[in-house]
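The values are calculated or read from the model by the stated rules, or taken from the named source; none is laboratory data. If you're wondering where the values come from, they're calculated on a predicted model, not measured in any experiment. Glycine gets a Cβ as well: all are built from the backbone with ideal geometry, and neighbour counts include every protein chain shown. Heavy atoms of the whole protein, side chains included, go into the accessibility calculation; ligands, DNA and RNA do not. Shrake-Rupley method; radii C 1.70, N 1.55, O 1.52, S 1.80 Å.
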Amino acid sequence: MEKFIINGGTPLNGEVTISGAKNAALAIIPASILCRDVCRIENLPVSISDVNYMMKALRHIGAEVKFINESTIEVDSRHVSSYVISHDMTRYLRASYYFIGALLGRFGRARVAMPGGCYLGPRPIDQHIKGFELLGAKISVEDNAIVEANSGGLFGAPIYLDVVSVGATVNIMLAACRAEGQTIIENAAKEPHIVDLANFLNSMGADIRGAGTDTIKIRGVENLHGCTYSIIPDQIEAGTFMVAAAATGGDVLIKNVIPKHLESISTKLIECGAEVEEYDEAVKVSMKGRPGRCNIKTMPHPGFPTDMQPQFAVLLALAEGTSIVSESIWSNRFRYTEQLARMGANITVDGQIAMIHGVESLKGAPVRADDLRAGAAMIIAGLAASGTTEIEDILYIDRGYEHVVEKFSNIGGDIRRVTCKDPDSEIESAG
Ligand code: EPU
């Protein structure tokens, strides 16, 4: 078992470089099997465990994955022969279901075990299934455990999403780019990773227009080819460092970002009293004195991202005054507030609304990472608090943050990863 030990209370200072976007990578990796060719994927966050699971799934169906350097791989999908992905490959992450769309596009059929992933409330896939069916696939879900998709050919169709869903938009794009004729996705998700996936697919020869708006038009093509593509920087990793800089009263230059993707986060930080300077591919965040309060409502892009809600709540827990946080995407994304309460935060939760009464300081305590972003929030809280914080269940954090200990240490955070032989034994340092 591994833990993070953090000695907090020091403002973060210096420069940090952001990795490639996890959620773009998780869509682009399965997309690479849509061609019978070689794709070179650059700026890939290869060290995070979600990306590793996706590469494992690629190999499982017969693709060759070659490491070129620490952020580049080549996927050779000429010999992909299987359309089956078993439970072992899917149980740990949500995005494994992108293989349904990708395999449907490649073979016209797919048999993929239901996905796992962070528990944030119920995570239905009805919009994915509706999309595949409208493209002409027959879908059955066996024992709520395996999705079987079969088609005698996919045909473009108009598809209106009843809810704005990142996953359904991705999955439909993957299948539709090899369908006959035009697919129009209405009420599509507009997140930066949707645009990145469209750019990747277009580099492979697909014909996709409108990604980044709520209407995406996909004209199916017969063949796709290999390409070289560099993934966009991770919006949420960047936002996490921005909030960490502000919450610790620090001054950090965050490099390799697209400032436009960070606007909703920058705006809220400024509202709380932080200074945010934008450069071409960097942002600098500094905070002097105690943060001010503000209200947050999570919304699909370009609204405030739900994946930044727990991290921002840490800043608000330290703010002067009371802030209201409304979560409108996930029904169960406030579990982390119980952990923050152990550190002295004063938060009351009623359904999907949290009232955060700011306190002057947080105190280190033993806490756990309930999920990926909750874990990131615990790191920020530990760095801002006085004393020592121990974070358990850090495997969630490793799913989405590359070199997290090194990156925070380099800007002055006192954070270590330690390994315990078993819960009762002495803690050993793992470096
Ligand atoms: N929904 C449905 N039916 C569907 C699909 C979604 O009702 O068929 C609902 C969901 O229950 C939710 C809402 O629609 O209430 C939005 O879900 P969405 O499909 O957009 O989420 P997702 O694709 O499962 C991705 C990210 C999440 C992020 C959400 C929202 C990936 C791999 N995951 O999930 O990221 O929170 O979009 O932006 O891209 C994370 O990185 O920590 C993370 C959880």
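Of all the listed residues (ASP76, ASP88, ASP50), the sole one being of a type in the set (Asp, Glu), at pLDDT below 95 and farther than 18 Å from ILE397 by Cα is ASP88.
Sub-6 Å Cβ pairs linking a first residue in segment 290-314 that is within 9 Å of the ligand (Cβ to nearest atom) to a second residue that is open to solvent by 40 Å² or more (accessible area, probe 1.4 Å) and aliphatic (A, V, I, L, M), at least 6 apart or interchain, are THR298/ILE329; PRO300/VAL164; THR306/ILE329, ordered by first then second residue.
Taking (1) touching a strand residue (DSSP E or B) at 6+ places or on another chain (Cβ under 7 Å); (2) among the small types (Gly, Ala, Ser); (3) farther than 21 Å from GLY375 by Cα in turn, ALA319 satisfies each apart from (3).
Within segment 103-119, which residues are open to solvent by 40 Å² or more (accessible area, probe 1.4 Å) and either within 13 Å of the ligand (Cβ to nearest atom) or charged (D, E, K, R) (or both)? Steps first, answer last, please.
Kept after step one, since they are open to solvent by 40 Å² or more (accessible area, probe 1.4 Å), are these residues of segment 103-119: 107, 109, 111, 114, 119.
Hits for segment 103-119 are ARG109, ARG111, MET114, TYR119.
Being more than 30 Å from LYS284 (Cβ to Cβ), within 16 Å of the ligand (Cβ to nearest atom), among the aliphatic types (A, V, I, L, M) and in contact with a strand residue (DSSP E or B) (Cβ under 6 Å, 6 or more places away or on another chain) is the requirement here; does MET1 meet it? Spelling it out, it is not the case that MET1 is more than 30 Å from LYS284 (Cβ to Cβ), within 16 Å of the ligand (Cβ to nearest atom), among the aliphatic types (A, V, I, L, M) and in contact with a strand residue (DSSP E or B) (Cβ under 6 Å, 6 or more places away or on another chain).
A quick yes/no check of all residues on (1) surrounded by fewer than 19 Cβ atoms within 10 Å (Cβ to Cβ); (2) among the acidic types (Asp, Glu):
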{"site": "SER323", "(1), (2)": "no, no"}
{"site": "SER328", "(1), (2)": "yes, no"}
{"site": "MET343", "(1), (2)": "no, no"}
{"site": "ASP350", "(1), (2)": "yes, yes"}
{"site": "GLY358", "(1), (2)": "no, no"}
{"site": "LEU362", "(1), (2)": "no, no"}
{"site": "ALA365", "(1), (2)": "no, no"}
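Conditions tested, residue by residue: (1) at pLDDT below 95; (2) open to solvent by less than 10 Å² (accessible area, probe 1.4 Å); (3) within 21 Å of SER323 (Cα to Cα); (4) more than 19 Å from the chain's Cα centre (by Cα).
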residue	(1), (2), (3), (4)
HIS225	no, no, no, yes
GLU237	no, yes, no, no
VAL243	no, yes, yes, no
THR248	no, no, yes, yes
ILE265	no, yes, yes, no
VAL276	no, no, yes, yes
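Would a scan of segment 120-133 turn up a residue that is more than 9 Å from the ligand (Cβ to nearest atom) and over 23 Å from TRP330 (Cα atoms)?
yes
One line per residue, one yes/no per condition, for (1) assigned to a loop (DSSP other than H, G, I, E, B); (2) within 16 Å of the ligand (Cβ to nearest atom); (3) buried (at least 23 other Cβ atoms within 10 Å of the Cβ):
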site	(1), (2), (3)
THR10	yes, no, no
ALA24	no, yes, yes
ARG40	no, no, no
PHE67	no, no, no
HIS79	yes, no, no
ASP88	no, no, no
TYR92	yes, yes, no
GLY101	no, yes, yes
